[in-house]
Structure formats: C-alpha cells, structure tokens
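Worksheet: the structure to be examined is printed underneath.
The values are calculated or read from the model by the stated rules, or taken from the named source; none is laboratory data. What you see is a predicted model, and the numbers here were worked out from it, not measured in a lab. Cβ: placed from backbone, ideal geometry, glycine included. Neighbour counts: every protein chain shown. Quick note on the areas: whole protein, heavy atoms, side chains included, nothing else; ligands and nucleic acids left out. Shrake-Rupley method; radii C 1.70, N 1.55, O 1.52, S 1.80 Å.
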Amino acid sequence: MRWSDRREDFRTEILGLVKAQTVKNAVIVPTGAKGGFYAKQLPDPAADRAAWMEEGKESYRTFIRALLDITDNLVMSDGAEQVVPPQRVVRHDGDDTYLVVAADKGTASFSDIANALSADYGFWLGDAFASGGSVGYDHKAMGITARGAWESVKRHFSELGVDTQNESFTAVGVGDMSGDVFGNGMLLSEHTKLVAAFDHRHIFLDPNPDPAVSHAERRRLFELPRSSWADYDASLISGGGGVFPRQSKSIPVSPEVRKVLGLEDSVTKMSPPDLLKAILKAPADLLYNGGIGTYVKASTETNTEVGDKANDAIRVDGRDLRVRVIGEGGNLGMTQRGRIEAARAGVILNTDAIDNSAGVDCSDHEVNIKIFVDRMVAAGRLDPDERAEFLHSMTDEVSRLVLQDNKDQNMLLLNDRSQVIEWSPSFERMMDWLEKHADLNRELEALPTNAELRARVAAGEGLTSPELSVLAAYAKIELTKALTNSDLADDPYFSGTLRRYFPKQLVERFADQLETHPLRREIISTMVANDIINIGGITFAFRVIEETSATESMVARAFTALREIYGIDGVIRILNGLPASFPTQNWTTIHLDMRRLLDRAVRWFINHVGRGTSIDEDIEAFKPVIGPLRASLLDYLQEGTRSGSRQPWNVRANGSCPVTWAPTGLNCSRASACWTSPSSQPSGWTSPQRTSPGSTLSCTSGSVLMTCWSASPGCPAATAGRHWPARHCGMTCIPRWLT
C-alpha cells in the first residue's frame with residue numbers, strides 16, 4: 001500500500017507500481033495487487049514532522065478500515081470455518097477472504113497499525129494480515145530485498161567473467177546507507193568500490209576508494225540511526241572526492257572525479273543536476289538503484305510521460321548509460337522502455353520486479369507460514385507463548401527459500417536470452433496467444449509488435465531481458481491459474497512439493513498437518529508453474545500444448561516425473577555452485593541440453609504413457625531403467641561420437657570441492673592446482689601435485705586434457721595441454737576427452 005506524497009503524479013506512481021507488481025505476482029501465493037492513498041491535508045513536515053507522520057498514519061488507518069469493511073471474513077462456528085460476508089455490502093463476486101497488506105512506504109510500524117485493526121475487526125488472519133510487523137520478518141534486518149537484487153547482480157557479472165564476491169569492481173548508486181535496499185546492497189560485497197552516489201540530500205564522491213576501508217565505513221553509517229552521506233568520515237575519502245549538499249549552486253570537479261565519471265578535461269565544476277546526470281552516465285561497472293524516483297527513460301519518451309516531476313532535471317536516456325550492469329533494488333528507477341533501450345545498447349539488466357521480488361516473496365512466505373502456525377496454535381499443537389520465538393527461528397531458512405527464487409529467475413532469463421533470436425518465432429506466437437487469452441497489452445508492457453520483432457531479428461537482435469522478464473511473468477501466472485483449477489495438486493507426489501515451500505523447522509515439527517493448509521492447492525500450483533518455466537524456458541509449456549494439444553496439467557505431470565527420472569535437480573545444483581569464472585557459454589550450453597532433453601521427453605511421455613497412473617508410479621516405472629542407462633551411456637555410443645559426448649562437468653575452484661564425474665572425481669584448488677581423487681584415479685592418469693604460487697603445472701594427463709580458466713584479470717587463461725601459472729586466484733578446470 002503506497003503512501004503517495006505527490007498529488008500531481010499519484011495516479012502515475014500507483015500505475016507504475018501495479019505494472020511492477022504484475023511481474024512479482026509470478027512468485028507469490030496467491031496473486032497480489034497494488035493500491036495507495038494520498039493524504040490531502042497533512043501538516044507541514046518542515047514545521048512538525050511528528051505531526052505530519054501521525055496524520056499520515058491516521059490516513060493509513062482510514063484506508064485499511066475501508067478495505068476490511070468490504071472483505072469477507074472467516075470465522076469458526078460449531079467447530080467449522082464459515083465465510084461471513086461484510087454487512088451492508090452487495091457482493092458481485094464469490095467468497096474471498098484472502099486479504100493481506102504491506103506498507104510500500106513507511107516503517108514496520110505501519111504493519112503493526114494494520115494488524116491492530118485486523119484484531120479490532122476480528123479478521124481471521126490476525127497478525128498475518130500485515131507482514132513485517134513486530135512479530136514477523138524484518139526486511140531491513142534480513143536485508144532480503146537487497147540480497148535478492150544482489151543475486152541478479154552476481155549473475156550479470158558472471159557473464160563478464162567477474163566474481164563480485166572476490167574481485168573489485170566500480171559502482172555508482174542512488175540512495176544512502178540509512179536506507180534498507182541501498183544500505184544493505186552496498187554491504188553485500190567487500191569488493192565494491194563505490195565511486196559516486198546521491199540521495200535527495202547529498203552527493204557522495206570517492207573516485208578511488210579503498211574497498212576494505214570504504215566497506216567498513218559504509219557499515220558504520222548503516223548502523224548509525226538516521227545517517228546521511230554527510231556523516232561519512234571525510235578523512236577516508238580518496239583524493240579529489242567529498243560530500244556535497246544538493247542545494248549547492250556549483251560543485252568543484254577534481255581531475256580524479258573527471259576521470260572516474262568519464263568527463264572532459266575542460267570540466268572543473270558542475271551544477272548539482274548536471275553532476276547527478278554525470279553519475280548516472282558514468283562508465284562504471286555497476287549502477288545500483290536503491291532510492292525513490294525514476295532516473296532513466298528511453299530517448300523516445302518525454303519527462304511528462306514518465307510522471308516523476310521531481311527528477312525531470314536529472315533524468316537520462318537508456319542509450320546514454322555507460323555502465324556494464326544495472327541492479328534495481330528499488331522500484332520504478334527506470335521506465336520499461338528505458339530498460340529496453342539500455343539493454344539494446346549492451347547493458348546487462350533485468351527489471352525492478354525481477355531484481356527486488358525477494359521483499360514481496362518474503363512477505364508471502366511470512367503470511368502463509370503464519371496462517372499455518374496459527375492453526376497449530378488453535379489445535380493445541382503449539383504453545384501460544386512459543387509462537388513468536390518459533391517464527392523467529394525460521395528467519396534464515398525463509399531467506400534461503402526466497403533467494404532461491406531470485407537465483408532461479410536469473411537462470412531462466414540468462415538461458416532464454418542465449419538463444420533469443422533462434423527462438424523468436426515461438427515468443428511471437430506466445431505473445432499473440434497472451435493477447436487473446438491473458439489480457440496482455442503489448443503497448444502498455446512496452447513489448448514489440450510482430451513486425452517490430454521481425455525487424456529486430458533481421459538486424460541480429462531479439463527480445464531483451466527486460467522484455468523476457470514480462471513474458472516470464474505472464475507465462476507463470478497463466479500456467480499457475482490453469483494448474484490451480486485442475487486436479488494436479490491432488491496427486492500424492494506433491495506433498496513433497498508443499499514441504500519444499502516451507503522452512504525445514506516447520507516441516508520437521510508439523511509435517512503430518514501441512515496438507516491442511518488452506519492454500520495448499522495454490523502453493524503447489526505456483527511452485528510447479530515456476531519450476532516448469534524456470535527450468536524449461538518461458539515458452540516451454542506453451543509449445544508443448546501447442547504441439548500436442550495436451551492440457552496444462554498433463555504437461556506438468558510429465559515434466560514433474562521426468563525431472564526426477566533424469567535427476568535434473570542434481571545437475572542444476574552443481575551448475576549453480578560453479579564459480580563466476582566459469583564461462584557463461586558453457587554454463588548455458590549444459591542448461592540448454594537439459595531443456596532439449598525435457599522438450600523431447602515430455603512430448604514422448606504425453607503421447608505414450610497412460611493417463612491413469614500417479615506421478616510416483618511413473619517415476620518408479622522409468623527411473624530404474626534410466627539410471628543404469630545414464631551410468632553406461634558412453635558404452636552405447638560409436639567411437640567417433642565419444643569426444644563430443646563427453647561434456648564438461650565443471651568443478652568449483654574455491655577450496656576442495658569434489659564432484660562426482662565418471663570416471664574421475666576431480667578437485668580444484670583455488671590456490672594453485674588440479675588433481676584427481678586417488679580413490680577414483682583411472683589407469684593412465686598422471687596426478688598433478690599442488691604447486692606454489694608462480695610455478696607451472698601441466699594439465700595434460702593420459703587421455704584427458706584439462707582446460708583451466710582464470711577467475712581474475714591477474715590470472716591469464718590457459719589452453720588445454722599447456723602449462724599454466726599457478727597463482728592465488730580462482731581456477732576452474734574442466735576435463736575434456738580426446739578421440
């Protein structure tokens with residue numbers, strides 16, 4: 001629920017958030033919406049901020065009461081739950097008791113306000129009505145929104161061969177360290193060299209920061225209540241930098257600042273708006289948005305169309321950005337057309353709804369956990385005095401579950417983008433279908449027409465990641481809707497799926513009661529739909545249905561069975577554990593090979609396997625056959641095809657990390673060496689030994705060549721069969737078989 005403080009762009013602000021929410025709906029149960037309010041007669045915050053805040057809270061109470069006044073309730077009557085419609089309300093829809101709220105602007109106290117009203121109304125959700133309150137998951141303390149966005153940042157940088165957690169990179173940003181998203185985000189890597197940032201009060205410039213020193217100082221500011229950039233220790237800022245008020249008439253520009261912002265030598269001073277534009281257009285590695293406002297548009301858009309008058313003077317065009325990667329921790333930092341323009345110019349980015357979805361995902365988990373926990377309290381399975389501590393004990397596990405969604409969605413977008421031109425016809429057909437059946441409005445979502453897309457493909461371009469993000473959301477939402485309305489969730493196999501949604505502490509204690517969750521069907525359908533699209537691709541289910549006339553439920557059953565039969569999850573876990581130094585092309589190649597396998601196997605399964613069996617029965621029938629076949633696959637191939645079939649299975653480089661790989665279990669040491677596991681060393685293999693930094697090591701052994709990549713610029717990449725310098729850097733070694 002957005003508290004909008006700008007009457008002139010209230011509608012634009014809420015509409016933009018509604019569009020962002022549409023994409024986030026793909027990972028939450030059930031779907032969500034955006035709403036907001038504008039308080040017309042608030043006291044002047046400059047004269048009395050406390051009075052301004054209190055009147056804003058009272059406006060929020062009025063808004064929440066209005067929502068509860070027209071919402072169905074669920075009450076216990078004679079030992080059974082019954083829906084009670086609101087009094088003096090004419091209903092044109094069916095029963096619907098599910099209403100949860102979250103304050104999009106404000107503090108966690110707003111959740112407590114809403115939950116107090118929920119208690120006054122006797123609303124069935126209790127303090128699950130508003131997430132993030134006193135007895136809930138504190139998003140800022142968890143840093144969950146920023147951590148989710150950082151998963152996107154890490155994946156984007158991996159495409160460039162950069163490991164953000166072990167290598168230094170430059171960044172510019174929007175926000176300050178007191179903010180949740182920006183503050184947490186700028187603490188997620190000790191190697192972030194934040195060279196410039198700004199908020200509504202100050203401009204921060206540190207053209208050549210020491211990563212360790214600046215990280216420590218940023219942490220101090222984050223922990224300092226109500227801090228600003230003015231609190232940054234000036235003695236720690238590198239030469240030529242400083243902190244300047246945005247109200248200044250002119251700001252001096254040092255040679256160091258000119259260099260880091262890519263300005264001409266003639267520039268010696270700038271007005272604050274011009275300097276902010278220069279920061280946004282700086283040739284840095286990362287632009288991280290953790291603030292409020294829209295700072296990037298498309299060159300084809302006007303400031304009036306953007307609807308954010310406060311930032312008209314500093315807004316830049318997507319085509320003029322010079323950063324390599326963008327992370328959107330905040331909402332609406334860019335227009336969708338601005339994102340697309342930046343992506344077509346070579347910037348790697350998703351959308352705000354993909355990057356910062358962890359916040360709403362965390363709230364969703366909290367609400368669904370509380371719904372179940374309160375049932376356990378009512379049933380006498382959990383002591384009411386233990387409830388708060390039990391919820392708190394699951395914080396880390398909730399974070400893990402939520403961040404996995406961010407990782408999976410980035411996996412999806414990267415893999416789809418790798419073949420976006422070849423797959424363009426299927427995207428085109430899918431958009432046509434969504435327009436007819438799912439209310440997709442290409443103009444509103446800034447998606448190209450068929451003619452525009454074909455012109456792009458002819459020029460060697462396809463859909464961009466921001467556009468794919470929107471299509472992924474629509475694909476997931478439509479698939480979830482169809483699965484929810486089917487009998488899919490009735491299959492006993494999905495009891496395990498339900499368990500995967502909840503924290504392990506809850507599952508271990510109340511596994512026998514999980515099936516009673518009132519949103520069981522919706523949770524299962526959402527998880528299955530997300531897995532199908534994340535692993536199979538945006539158009540996976542659409543193409544199968546298009547080509548076989550199968551129902552969504554049939555596709556889901558086949559996919560679920562084959563996913564386990566072929567052990568797909570195990571392969572994905574290994575791939576996701578690889579270091580950022582591992583080449584993205586090889587990473588996506590393996591993923592696409594799995595997609596191809598699933599594409600063909602699902603179609604065969606739908607056409608040849610009977611409809612009356614359960615998923616467990618299908619797995620039991622085929623897994624014992626496929627297992628031995630996988631283990632001896634190379635024995636069935638002709639000699640000439642073996643070289644190509646020995647695909648590289650990659651090994652993590654940071655420390656000892658064995659990975660089972662027939663016939664050799666291989667370890668890689670981050671420091672210096674590759675060697676084989678003695679217990680599985682094949683005949684003819686010569687085991688290289690650990691070596692000291694600066695020495696050389698041959699990676700040729702028997703009939704195998706080891707190809708090693710370096711994780712940092714200081715470690716030159718090596719070619720197969722040659723000596724490579726063993727240095728203190730991450731190395732990824734891949735066995736490649738010879739004919």
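If I filter the range 276-295 for residues that are free of Cβ contacts under 8 Å to residues at least 40 places away in the same chain and closer than 22 Å to S238 by Cα, do I get at least one hit? Yes. When restricted to residues that are open to solvent by less than 10 Å² (accessible area, probe 1.4 Å), aromatic (F, W, Y) and closer than 18 Å to I606 by Cα, the range 504-552 contains 1. With respect to being open to solvent by 30 Å² or more (accessible area, probe 1.4 Å) and within 30 Å of T589 (Cα to Cα), R400 fits the description.
Of all the listed residues (K269, K281, K309), the sole one being more than 23 Å from the chain's Cα centre (by Cα) and crowded, with 19+ Cβ neighbours inside 10 Å is K281.
Can you tell which of D385, D408, D439 is in a helix (DSSP H, G or I) and open to solvent by 50 Å² or more (accessible area, probe 1.4 Å)?
On the way: D408 fails: open to solvent by 50 Å² or more (accessible area, probe 1.4 Å); D439 fails: in a helix (DSSP H, G or I).
Answer to the check: D385.
When each of S178, S158, S227 is tested for being part of a helix (DSSP H, G or I) and among the hydroxyl-bearing types (S, T, Y), the lone residue that passes is S158.
Please name all residue pairs, on different chains or six or more residues apart, with Cβ atoms under 9 Å, provided the first residue is in the range 33-57 and is closer than 18 Å to A102 by Cβ and the second residue is modelled with pLDDT of 90 or more and open to solvent by 70 Å² or more (accessible area, probe 1.4 Å). Here the result reads F37/T62, each pair linking the range 33-57 to a residue that is modelled with pLDDT of 90 or more and open to solvent by 70 Å² or more (accessible area, probe 1.4 Å). Of the residues examined, V325 is one that is among the β-branched types (V, I, T), at pLDDT 95 or above and either within 24 Å of G183 (Cβ to Cβ) or in contact with a Ser or Thr (Cβ under 7 Å, 6 or more places away or on another chain) (or both). Kindly indicate whether I371 is over 11 Å from the mean Cα position of the chain (by Cα) and closer than 26 Å to G161 by Cα. So I371 fails the test. The set of residues in the range 107-125 being at pLDDT below 90 and among the small types (G, A, S) consists of A108, S109, S111. List pairs: first residue in the range 321-347 and closer than 18 Å to K277 by Cα, second residue assigned to a loop (DSSP other than H, G, I, E, B) and polar (S, T, N, Q) anywhere in the structure, Cβ distance under 7 angstrom, at least six positions apart or on different chains. If the second residue must be assigned to a loop (DSSP other than H, G, I, E, B) and polar (S, T, N, Q), the pairs left are E328/T351; E328/N356; L332/T294; G333/T294; M334/T294; T335/T294; R339/T351; E341/S299. Here is the figure for the range 418-435: residues that are crowded, with 20+ Cβ neighbours inside 10 Å and in contact with a Ser or Thr (Cβ under 7 Å, 6 or more places away or on another chain) total 2. Checked against the criteria, A446 counts as closer than 28 Å to E159 by Cβ, open to solvent by 10 Å² or more (accessible area, probe 1.4 Å), touching a helix residue (DSSP H, G or I) at 6+ places or on another chain (Cβ under 9 Å) and among the small types (G, A, S). On the basis of being more than 23 Å from S469 (Cα to Cα), in a helix (DSSP H, G or I) and open to solvent by less than 20 Å² (accessible area, probe 1.4 Å), does L483 make the cut? Considered against the rule, which asks whether it is more than 23 Å from S469 (Cα to Cα), in a helix (DSSP H, G or I) and open to solvent by less than 20 Å² (accessible area, probe 1.4 Å), L483 comes out as no. Within the range 291-306, restricting attention to residues that are under 26 Å from the mean Cα position of the chain (by Cα) and at pLDDT 95 or above, the residue that is farthest from Q336 (Cα to Cα) is Y295. Considering every residue within the range 486-500, establish whether at least one is touching a residue at least 60 places away in the same chain (Cβ under 8 Å) and in contact with a Phe, Trp or Tyr (Cβ under 9 Å, 6 or more places away or on another chain). Yes: one or more hits. Please verify whether E190 is open to solvent by 60 Å² or more (accessible area, probe 1.4 Å) and under 26 Å from I348 (Cβ atoms), treating the condition exactly as stated. Against the criterion (open to solvent by 60 Å² or more (accessible area, probe 1.4 Å) and under 26 Å from I348 (Cβ atoms)), E190 qualifies.
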